[in-house]
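The values are calculated or read from the model by the stated rules, or taken from the named source; none is laboratory data. Remember, it's a predicted structure, so these values are computed and weren't measured experimentally. Cβ sites come from the backbone with ideal geometry, for glycine too, and all protein chains shown count toward neighbours.
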Amino acid sequence: MTPAWTPPASGVIRGCWQLARGHGAGWDRGAAFAALDRVAERPGPLVLDCADIYTGVERLVGDWMAARPAHARKTVVHTKFVPDLESLATLDRACVRRVVERSRERLRVETLDLVQLHWWDLGVPGWVRAAQWLAELRDEGVMRHVGVTNFGGRALCALLDAGVPVVTNQVQFSLLDRRPLKGLAQTCRDRGVSLLCYGTLAGGLLGDRAGGSGTDNRSLRKYRLIVDEVGGAKVLERARAELAAVAARARGSMAEAAAAYVLGQPPVGAVIVGLSRRGPDLLDISRVRLRPADVARLQAAVPDTVAGGVYDVERDRTGPHGRIMQYDLNRGVQRA
Ligand SMILES: NC(=O)c1ccc[n+]([C@@H]2O[C@H](COP(=O)([O-])OP(=O)(O)OC[C@H]3O[C@@H](n4cnc5c(N)ncnc54)[C@H](OP(=O)(O)O)[C@@H]3O)[C@@H](O)[C@H]2O)c1
């Protein structure tokens, strides 16, 4: 029997890609600890989203939890298993164990909470087997739950039909990118899988500071391409104006309204909001209640024109979305 996965009561997971070397200008350890302290000081449990390929991040979060035992007690960490593109065809059980054990060692936890499988090319067989190996590690107690990231409905069903106890699917979902509503959300509802959603603020483009963070980083590069898909700067401007109006009506911030829009779509279990370099970084979605008219107004502002289902345009490695990905950040460990 699969233990139930419970979404965070706040509806918010804090994303740690922003702390990775290579994401942007880079955060020193002090700035990273300060950002983690800020979110930990908010009431209630803290859930963090990491990945084996976010360079330096699992170890940093492990160090932070060791240095802050009181914060660590209220913190749950999700991570990912992202085998390199070139190793997909030859991935074996020992490699899966090695990478997952490395996450456990870096985070300094006895049991990982959630490990999410990403597979760069679903045309390369092996992903069902890899997920089954993760499930074996779950049965051994190495992790509590198995999740996936960037899986469309068909591939997700293939895993579930093969007996893999997938509890979550982490996908991009925002006012700008509504691909999950094209079928995946219904599939997840039918099969009891929660969606965990990134990109809800489009790297800050939908946040309260116009122009995003002002510095270039990999999130902004990714989401500017999504803005292109829906019509460019004019549409972004319109989306921001509507968000500002809805936020004012609902007495929240634009970031809260953008996150509440996504969180309000079942079966979204949580939004994953990247850590902010700049405090204060308030995100209390519970105080923002969107009405059906708000949702209609927001959706009317942005055409639903990102092609295909979740992660389809990203899987085209020759296209603009695929060309900006880094496919080999696990180099080394998979050849060991
Ligand atoms: N599975 C995948 O393929 C995948 C892909 C991408 C991301 N992710 C996960 O999702 C997380 C979220 O990252 P993302 O790239 O999608 O970015 P995001 O959550 O859409 O944007 C986060 C950024 O928005 C800005 N921001 C503006 N107003 C804010 C406010 N009021 N409160 C908080 N932040 C505000 C912050 O930048 P400032 O520093 O300017 O404040 C923050 O870094 C990542 O850390 C990662 O864990 C997963």
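Quick one: VAL148 ticks every box in (1) in contact (Cβ under 8 Å) with a residue 60 or more places away in the chain; (2) within 13 Å of the ligand (Cβ to nearest atom); (3) closer than 28 Å to PRO3 by Cα except a single one, so which number is it?
(1)
Under 6 Å by Cβ, and 6 or more places apart or on different chains, what pairs join a residue from region 53-71 that is closer than 20 Å to GLU41 by Cβ and at pLDDT 95 or above with one that is within 16 Å of the ligand (Cβ to nearest atom) and not hydrophobic (A, V, I, L, M, F, W, C)?
GLY62/ARG106
How many residues, within region 291-313, are assigned to a helix (DSSP H, G or I) and either within 21 Å of the chain's Cα centre (by Cα) or at positive phi (or both)?
Residues in region 291-313 being assigned to a helix (DSSP H, G or I) and either within 21 Å of the chain's Cα centre (by Cα) or at positive phi (or both): 2 in total.
Scan region 279-316 for residues that are within 24 Å of GLY269 (Cβ to Cβ) and among the aliphatic types (A, V, I, L, M) and jot them down.
Matches in region 279-316: LEU282, LEU283, ILE285, VAL288, LEU290, VAL295, ALA296, LEU298, VAL302, VAL306, VAL310.
Quick check on my filter: what residues within region 10-34 are of a type in the set (A, V, I, L, M) and in a loop (DSSP other than H, G, I, E, B)?
Correct list: ALA20, ALA25.
Picking from ILE272, ILE226, ILE324, which residue would you name as being touching a residue at least 12 places away in the same chain (Cβ under 8 Å), of a type in the set (A, V, I, L, M), surrounded by fewer than 14 Cβ atoms within 10 Å (Cβ to Cβ) and under 28 Å from GLY56 (Cα atoms)?
Exactly one residue qualifies, and that residue is ILE324.
Quick check on region 272-290: of everything there that is more than 7 Å from the ligand (Cβ to nearest atom), under 17 Å from ALA40 (Cα atoms) and outside any helix (DSSP H, G or I), which residue is modelled with the lowest pLDDT?
Top of the filtered list is PRO280.
Checking the condition outside any helix (DSSP H, G or I) and more than 13 Å from the ligand (Cβ to nearest atom), which residue from ASP52, ASP37, ASP113, ASP63 passes?
From the options ASP52, ASP37, ASP113, ASP63, the qualifying one is ASP113.
Of all residues in region 153-178 being closer than 13 Å to HIS118 by Cα and over 15 Å from the mean Cα position of the chain (by Cα), which is surrounded by the fewest Cβ atoms within 10 Å (Cβ to Cβ)?
Among them, the one singled out is ALA155.
For ALA244, are the conditions met, namely being among the aliphatic types (A, V, I, L, M), assigned to a helix (DSSP H, G or I), within 19 Å of the chain's Cα centre (by Cα) and within 13 Å of the ligand (Cβ to nearest atom)?
Criteria not met by ALA244.
List the residue pairs whose Cβ atoms are under 8 Å apart, where the first residue sits in region 180-205 and is within 22 Å of LEU48 (Cβ to Cβ) and at pLDDT 95 or above, the second is in a loop (DSSP other than H, G, I, E, B) and more than 16 Å from the ligand (Cβ to nearest atom), and the two are 6 or more positions apart or on different chains.
VAL193/PRO267; SER194/TRP5; SER194/PRO267; LEU195/PRO267
For ARG240, which of the numbered conditions (1) charged (D, E, K, R); (2) free of Cβ contacts under 8 Å to residues at least 40 places away in the same chain; (3) within 24 Å of VAL148 (Cα to Cα) fails to hold?
Here ARG240 meets the rest and fails (3).
Against the conditions (1) in contact with a helix residue (DSSP H, G or I) (Cβ under 8 Å, 6 or more places away or on another chain); (2) away from the ligand (no atom under 16 Å from the Cβ); (3) assigned to a helix (DSSP H, G or I); (4) closer than 21 Å to PHE151 by Cα, where does ARG97 fall short? Just the number, please.
With (1) in contact with a helix residue (DSSP H, G or I) (Cβ under 8 Å, 6 or more places away or on another chain); (2) away from the ligand (no atom under 16 Å from the Cβ); (3) assigned to a helix (DSSP H, G or I); (4) closer than 21 Å to PHE151 by Cα applied to ARG97, the lone miss is (4).
If I go through region 10-31 residue by residue, how many of them are free of Cβ contacts under 8 Å to residues at least 40 places away in the same chain and crowded, with 19+ Cβ neighbours inside 10 Å?
1
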